[in-house]
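Structure, as structure tokens:
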Amino acid sequence: MVAITETVLRDGHQSLIATRMRTRHMLPAAERLDAVGYRSLEVWGGATFDVCLRFLHEDPWERLRALKRRIRKTPLQMLLRGQNLVGYRHYPDDLVERFVRRAAHEGVDIFRVFDALNDPRNMETALRAVRSAGGRAQGTICYTQSPVHPLESFVRLGRTLAQMGAEELCLKDMGGFMPPSDAGSLVRALVHEVGLPVVVHTHSSSGMSAMACMAAADAGATAVDAALSPFAGGASQPPTESLVGAFRGGPHDPRLDVGQLAELAEYFQGVLAHYRPMLDLRSLQTDPGVLLHQVPGGMLSNLLSQLKEQDQLARLPEVLAEIPRVRADLGYPPLVTPTSQIVGIQAVVNVLVGTRYQQVTREVSDYVRGLYGTAPGPLDPALRAKVLAGTPAITGRPADLLAPEYERMLAEVRMIVPSASEEEALSYAVFPSVYAAYRRAADQGLTADVLDAAAAGVLAALRRPGAPGRMPPGTVPGASPWAREGRNRLMNGGRWLHETRGRAGR
């Protein structure tokens with residue numbers, strides 16, 4: 001039997017509607033999801049924490065608690081970015097340990113821990129903290145293709161993660177370009193040579209995800225990730241119902257009730273209708289181009305938004321051609337948060353400025369200096385010399401350079417919220433300015449309910465016949481301004497693009 005991890009409450013909507021599903025749309029389905037018989041429900045982590053605070057004006061900790069109150073049988077799962085937690089920088093060990101302990105206390109059972117560089121040193125503290133907190137530690141291997149990523153390199157990483165305390169492994173194909181042959185070979189090697197259960201996570205970007213899941217199952221995978229059909233396909237995971245149907249009656253049958261899945265799909269179809277203005281149709285399309293440039297769907301959406309903002313959308317082919325070159329210069333990092341942003345922004349800057357690395361972003365400088373960890377392969381010598389300028393790079397674990405922060409952050413947040421709890425202090429520690437803005441808005445009465453009421457009023461006005469800005473019948477909308485703004489902000493607000501606006505025309 002191959003079990004299913006359901007992603008509709010996290011990566012499904014993160015991939016298709018920029019993580020904007022509200023808690024109030026999740027809770028009515030919670031008990032029914034719990035009754036299906038999934039291996040786990042992915043409900044937290046990734047971009048959900050940031051988006052809850054920044055855009056939805058919701059408390060991410062309360063979302064977790066509310067789901068746990070309703071989901072009693074099925075383990076809840078989160079995506080944890082190793083030493084980056086749910087943010088975009090390395091945090092000191094004391095914050096990692098406290099965050100994991102608190103998340104486990106509030107309801108997370110399975111922690112999928114990954115690092116964008118596949119640097120095990122950046123996962124070690126988190127894995128240890130998960131075990132200490134009584135959670136299940138799922139060590140993650142980010143799949144990619146490059147001259148420095150032979151199959152054996154992934155198996156070596158699997159062995160290292162097992163030695164660090166991982167209880168199971170995840171093979172994470174965040175770009176959706178893992179062919180069935182690699183899925184089968186890697187899962188078989190990991191199962192036989194490491195001996196831990198293997199879960200496969202993929203995306204439907206290239207159209208190969210269902211085939212990859214079938215090959216992984218044949219090779220001995222314990223589980224695969226899938227999303228209920230309204231939030232599946234394209235940049236998201238393969239549809240749950242389709243995989244269950246494909247496995248049904250064979251040795252990998254997950255034994256899930258298709259009738260229950262159909263009822264849930266009908267509910268989430270209604271949820272998707274609510275967020276239709278957020279849905280960019282490109283995110284639902286198959287993009288075989290990912291086989292060449294390896295750009296994940298979310299990263300491509302960010303690039304489109306940034307180039308539109310600069311009125312440079314016609315230069316997208318140049319940027320897509322530049323991304324593999326920048327990636328090679330940086331030692332072939334897998335393209336996943338935050339390295340996808342690091343590579344993508346530098347590629348855009350190189351194209352718009354006109355001279356490669358005339359301007360090096362701060363993030364690339366930090367990467368070259370070793371502040372994100374060890375690059376998978378050698379760096380371009382000229383770029384390395386330009387950035388380091390004769391100073392030595394960091395070769396140790398980056399977090400070893402960080403002093404403890406929790407007590408200082410607790411003191412700071414209590415200047416805003418005198419009775420701040422541990423979870424409020426952790427929210428502030430991960431996103432200080434975002435959390436401060438969230439609290440100011442809450443104190444002024446700008447809550448999720450108020451935002452919903454305002455949005456409903458705007459939509460009602462736009463739907464009236466003859467309303468200004470109303471699209472003619474048959475017009476297919478692109479990404480909404482809200483979606484574009486969200487993607488921009490999640491990608492450092494286009495900071496480097498704004499700084500190059502004047503340079504690009506010189």
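Hey, could you check the range 310-360 for residues that are in a helix (DSSP H, G or I) and acidic (Asp, Glu) and say which is most open to solvent (accessible area, probe 1.4 Å)?
Keep residues of the range 310-360 that are in a helix (DSSP H, G or I), which gives 313-329, 339-353.
Pick out the ones that are also acidic (Asp, Glu) and you get 318, 322, 329.
On the way: Glu318: 85, Glu322: 7, Asp329: 22 Å².
If we take residues in the range 310-360 being in a helix (DSSP H, G or I) and acidic (Asp, Glu), then Glu318 is most open to solvent (accessible area, probe 1.4 Å).
Quick grid of which residues meet (1) over 27 Å from Met164 (Cβ atoms); (2) at pLDDT below 95; (3) small (Gly, Ala, Ser):
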residue: Gly45; (1), (2), (3): no, no, yes
residue: Phe49; (1), (2), (3): no, no, no
residue: Cys52; (1), (2), (3): yes, no, no
residue: Glu58; (1), (2), (3): yes, no, no
residue: Glu62; (1), (2), (3): yes, no, no
residue: Ala66; (1), (2), (3): yes, no, yes
residue: Ile71; (1), (2), (3): yes, no, no
residue: Met78; (1), (2), (3): no, no, no
residue: Gly82; (1), (2), (3): no, no, yes
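When you scan the range 295-307, do you find a residue that is surrounded by fewer than 16 Cβ atoms within 10 Å (Cβ to Cβ), of a type outside the set (Ser, Thr, Tyr) and either assigned to a helix (DSSP H, G or I) or out of contact with any strand residue (DSSP E or B) (no Cβ under 6 Å at 6 or more places or on another chain) (or both), even just one? Scanning the range 295-307, I find no residue that is surrounded by fewer than 16 Cβ atoms within 10 Å (Cβ to Cβ), of a type outside the set (Ser, Thr, Tyr) and either assigned to a helix (DSSP H, G or I) or out of contact with any strand residue (DSSP E or B) (no Cβ under 6 Å at 6 or more places or on another chain) (or both), so the answer is no. Checking each residue in the range 75-90 for being within 19 Å of Arg131 (Cα to Cα), open to solvent by less than 10 Å² (accessible area, probe 1.4 Å) and assigned to a loop (DSSP other than H, G, I, E, B) picks out Leu85, Val86. Selection over the range 1-35 of residues that are of a type in the set (Val, Ile, Thr), over 13 Å from Tyr275 (Cβ atoms) and open to solvent by less than 10 Å² (accessible area, probe 1.4 Å) gives a count of 4. Listed by first and then second residue, the pairs linking a residue in the range 259-284 that is under 19 Å from Glu6 (Cβ atoms) to a residue that is aromatic (Phe, Trp, Tyr), with Cβ atoms under 8 Å apart and 6 or more places separating them unless they lie on different chains, are Phe268/Phe231; Leu272/Phe231.
Yes or no, residue by residue, for (1) part of a loop (DSSP other than H, G, I, E, B); (2) touching a Gly at 6+ places or on another chain (Cβ under 7 Å); (3) at pLDDT below 95; (4) more than 25 Å from Ile394 (Cβ to Cβ):
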{"site": "Asp94", "(1), (2), (3), (4)": "no, no, no, no"}
{"site": "Glu97", "(1), (2), (3), (4)": "no, no, no, no"}
{"site": "Arg112", "(1), (2), (3), (4)": "no, no, no, yes"}
{"site": "Leu117", "(1), (2), (3), (4)": "yes, yes, no, no"}
{"site": "Asn122", "(1), (2), (3), (4)": "no, yes, no, no"}
{"site": "Ala126", "(1), (2), (3), (4)": "no, yes, no, no"}
{"site": "Thr140", "(1), (2), (3), (4)": "no, no, no, no"}
{"site": "Thr144", "(1), (2), (3), (4)": "yes, no, no, no"}
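Just wondering, is there one or more residues in the range 99-106 that are open to solvent by less than 40 Å² (accessible area, probe 1.4 Å), at pLDDT 95 or above and touching a strand residue (DSSP E or B) at 6+ places or on another chain (Cβ under 6 Å)? Reasoning before the result, please.
Pass one, the range 99-106, residues open to solvent by less than 40 Å² (accessible area, probe 1.4 Å): 99-100, 103-104, 106.
Now narrow it down to the ones that are at pLDDT 95 or above: 99-100, 103-104, 106.
Keeping just the survivors that are touching a strand residue (DSSP E or B) at 6+ places or on another chain (Cβ under 6 Å) gives none.
No; the residues of the range 99-106 include none that is open to solvent by less than 40 Å² (accessible area, probe 1.4 Å), at pLDDT 95 or above and touching a strand residue (DSSP E or B) at 6+ places or on another chain (Cβ under 6 Å).
Only one of the numbered conditions (1) in contact with a Phe, Trp or Tyr (Cβ under 7 Å, 6 or more places away or on another chain); (2) under 22 Å from Met278 (Cβ atoms) is not met by Glu58, and that is (1).
Kindly evaluate Leu33 against the criterion of being at pLDDT below 95, on the phi < 0 side of the Ramachandran plot and not hydroxyl-bearing (Ser, Thr, Tyr). Answer is no for this residue. Screening Glu423, Glu407, Glu412 for residues that are modelled with pLDDT of 90 or more, surrounded by fewer than 16 Cβ atoms within 10 Å (Cβ to Cβ) and either within 23 Å of Leu85 (Cα to Cα) or in contact with an Asp or Glu (Cβ under 8 Å, 6 or more places away or on another chain) (or both) leaves exactly one candidate, Glu407.
Could you check the range 270-292 and list, in sequence order, the residues that are among the charged types (D, E, K, R) and surrounded by fewer than 19 Cβ atoms within 10 Å (Cβ to Cβ)? Explain how you work it out, then say what you get.
Step one: of the range 270-292, the residues among the charged types (D, E, K, R) are 276, 280, 282, 287.
Arg276, Arg282 - these are the residues of the range 270-292 that are among the charged types (D, E, K, R) and surrounded by fewer than 19 Cβ atoms within 10 Å (Cβ to Cβ).
From the set of residues in the range 125-144 that are more than 19 Å from the chain's Cα centre (by Cα) and in contact (Cβ under 8 Å) with a residue 60 or more places away in the chain, which is surrounded by the most Cβ atoms within 10 Å (Cβ to Cβ)? Spell out the reasoning first.
Initially, the range 125-144 is screened for residues more than 19 Å from the chain's Cα centre (by Cα), giving 125, 128-136.
If we keep only those that are in contact (Cβ under 8 Å) with a residue 60 or more places away in the chain too, we end up with 125, 136.
Values: Thr125: 23, Arg136: 18.
In this case the residue turns out to be Thr125.
Would the range 42-60 turn up any residue that is charged (D, E, K, R), within 13 Å of the chain's Cα centre (by Cα) and open to solvent by less than 10 Å² (accessible area, probe 1.4 Å)?
Start the filter on the range 42-60 by keeping residues that are charged (D, E, K, R), which leaves 42, 50, 54, 58-59.
From what's left, within 13 Å of the chain's Cα centre (by Cα): 42, 50.
Pick out the ones that are also open to solvent by less than 10 Å² (accessible area, probe 1.4 Å) and you get 42, 50.
Within the range 42-60, one or more residues are charged (D, E, K, R), within 13 Å of the chain's Cα centre (by Cα) and open to solvent by less than 10 Å² (accessible area, probe 1.4 Å).
The values are calculated or read from the model by the stated rules, or taken from the named source; none is laboratory data. These numbers come from a predicted model, not from an experiment. Positions of Cβ are generated from backbone atoms using ideal geometry, with glycine treated the same way; all protein chains shown enter the neighbour counts. To get the accessible areas, we keep the full protein, side chains included, count just its heavy atoms, and leave off ligands, DNA and RNA. Shrake-Rupley method; radii C 1.70, N 1.55, O 1.52, S 1.80 Å.
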